[in-house]
Amino acid sequence: MVVSSYAVVITSDPVAVLDLAGGCCRPEAAFSFMQLASIDAFLRNGRGDTSAEHAWLFLASHFHSSTYFHALGEAAPKLIWGLRLLRENPTLKVLHSSRFIDEVLHALQLPGRAVAYDSSKRHFARRVTVPPPAYPLNLGPLQALRRELMGSVEARVPRANRARSVLVVRRSAIIHRGGRALLNHDELMFTLRNVLLDMSVTLAEWPPTGTTLKQAVKVWSEIDTVIAPHGAGLTNVLFLTPGSTVIEIVAKGQKGRVYGTMSRLLGHKYTTCEYVRDGRGTMPLSLPAHAQAASSGTSAFSLNMSHFMSSCIQNASIFLYVKRAAARRTRSRARTEL
């Protein structure tokens, strides 16, 4: 019996549950004593139909699998581990808890194999396959996943034959607690276009919603430099060409740096751009004082452009500002040597 998207009952008397929550953001006790008690009561009282509805289930989920990062970074590599098994056994269904896994299964040419986890019921199967955990992140499964997903889109333009490009990820400020959105996103775009980038460099933004996995593979595979606030959109570094530049905007002191780990594993140049939260949650100072106080718990923030130019892009030669500064240093050294 599968009692959650990440736990399986392996004996019923006494009740023993194999807890597969895992992941980089797993709480200390993903499976509580109260949940175990309810499972024990369910089994002892024989409530409902306990006949096997599935012949064979493959578990491709864990505690946070519904989010984009956890689906692609931790659940999808499990599919790669079992890909041959899945392709050779059409009766093997994939139990998951994320709409993104549906997209991955289609890209892996496994349509019709998904079983979405339903939290209102138990899932019974005669046979269950439990793949090994995919965290900590491992280069091999990530590269194999990238190859499979890249093969699902049309041929890309080689880097040598395309214009240089910068992609900025826009996060939505209207979701829960401000969504770590960059409130002066347009100011950043204006600065990039009119101050920091040569006009020959393509500048684009990645929207917070409305895109598919196939679009992500296509767009991100043709990008040279990515600038993004910390968040699930950075999962798409999986599709960048090795050697690309990733600039992640993070709060000073933030502990989670999983996208840095992923970027370095995949061979990208990674750097952080840190901002400091103030007592008002870094909301714009043009707000009335009472509005600033009311919004103090938000994760949305504003980024100082002078700070961005002086501290965040020094390792990215695509920026005109950086190239000019480097040229000035070279001329200064030449004069000194003379």
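The values are calculated or read from the model by the stated rules, or taken from the named source; none is laboratory data. Predicted model, so just to flag it, every value in this text is computed and none were measured. Neighbour counts are summed over all protein chains in view; Cβ atoms, including those assigned to glycine, are modelled from backbone coordinates with ideal geometry.
For the stretch 18-35, indicate whether the set of residues that are farther than 21 Å from MET150 by Cβ, at pLDDT 75 or above and either part of a loop (DSSP other than H, G, I, E, B) or of a type outside the set (Ser, Thr, Tyr) (or both) is non-empty. Scanning the stretch 18-35 turns up no residue that is farther than 21 Å from MET150 by Cβ, at pLDDT 75 or above and either part of a loop (DSSP other than H, G, I, E, B) or of a type outside the set (Ser, Thr, Tyr) (or both).
Residue by residue, here is whether (1) modelled with pLDDT of 70 or more; (2) more than 24 Å from PRO208 (Cβ to Cβ); (3) assigned to a loop (DSSP other than H, G, I, E, B) holds:
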site	(1), (2), (3)
ALA41	yes, yes, no
ALA52	yes, yes, yes
HIS62	yes, yes, yes
PHE69	yes, no, no
GLU74	yes, no, no
LEU79	yes, yes, no
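Conditions tested, residue by residue: (1) surrounded by 17 or more Cβ atoms within 10 Å (Cβ to Cβ); (2) assigned by TED's automatic domain parsing to the domain that holds ARG257; (3) modelled with pLDDT under 90.
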| position | (1), (2), (3) |
| --- | --- |
| PRO133 | no, no, yes |
| PRO141 | yes, no, no |
| SER165 | yes, yes, no |
| VAL168 | yes, yes, no |
| ARG171 | yes, yes, no |
| ILE175 | no, yes, yes |
| THR191 | yes, yes, no |
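Counting only residues that are touching a Cys at 6+ places or on another chain (Cβ under 8 Å), touching a residue at least 40 places away in the same chain (Cβ under 8 Å) and not polar (S, T, N, Q), the stretch 228-272 holds 4 of them. Screening SER97 on (1) crowded, with 17+ Cβ neighbours inside 10 Å; (2) closer than 22 Å to ARG146 by Cα; (3) touching a Leu at 6+ places or on another chain (Cβ under 9 Å) shows it passes everything except condition (3).
Taking into account only those residues within the stretch 148-163 that are of a type in the set (Lys, Arg) and in a loop (DSSP other than H, G, I, E, B), which is modelled with the lowest pLDDT? The extreme case among them is ARG156. Considering only residues that are over 19 Å from LEU197 (Cα atoms) and of a type in the set (D, E, K, R), look in the stretch 217-260 and name the one that is surrounded by the fewest Cβ atoms within 10 Å (Cβ to Cβ). My answer is LYS255. Screening THR235, THR271, THR282 for residues that are at pLDDT 90 or above and outside any helix (DSSP H, G or I) leaves exactly one candidate, THR271. Could you tell me which residue of the stretch 182-211 is farthest from SER302 (Cα to Cα), considering only residues that are in contact with a strand residue (DSSP E or B) (Cβ under 7 Å, 6 or more places away or on another chain) and in a loop (DSSP other than H, G, I, E, B)? Only one residue tops the list, namely VAL201.
Report whether or not LYS218 is among the charged types (D, E, K, R), closer than 21 Å to THR245 by Cβ, in a helix (DSSP H, G or I) and in contact (Cβ under 8 Å) with a residue 60 or more places away in the chain. Taking the combined requirement at face value, the residue satisfies it. Could you please give the count of residues in the stretch 62-92 that are basic (Lys, Arg) and surrounded by fewer than 19 Cβ atoms within 10 Å (Cβ to Cβ)? Summing the residues that are basic (Lys, Arg) and surrounded by fewer than 19 Cβ atoms within 10 Å (Cβ to Cβ) in the stretch 62-92 gives 2. Would you point out the residue of the stretch 250-268, among those that are of a type in the set (Lys, Arg) and under 26 Å from PRO77 (Cβ atoms), that is modelled with the highest pLDDT? The residue in question is ARG264. For the stretch 90-131, a residue qualifies if it is in contact with a His (Cβ under 8 Å, 6 or more places away or on another chain), modelled with pLDDT under 95 and charged (D, E, K, R), and the qualifying residues are ASP102, ARG126. Taking each residue of the stretch 297-308 that is in a loop (DSSP other than H, G, I, E, B) and looking for partners that are of a type in the set (D, E, K, R) and modelled with pLDDT under 85 with beta-carbon atoms closer than 6 Å, six or more apart or interchain, yields THR298/ARG177; SER299/ARG177.
Considering (1) surrounded by fewer than 17 Cβ atoms within 10 Å (Cβ to Cβ); (2) free of Cβ contacts under 8 Å to residues at least 40 places away in the same chain, the lone condition that SER152 does not fulfil carries the number (2). If you check LEU110 against the conditions, is it touching a residue at least 24 places away in the same chain (Cβ under 8 Å) and assigned to a loop (DSSP other than H, G, I, E, B)? Answer is yes for this residue.
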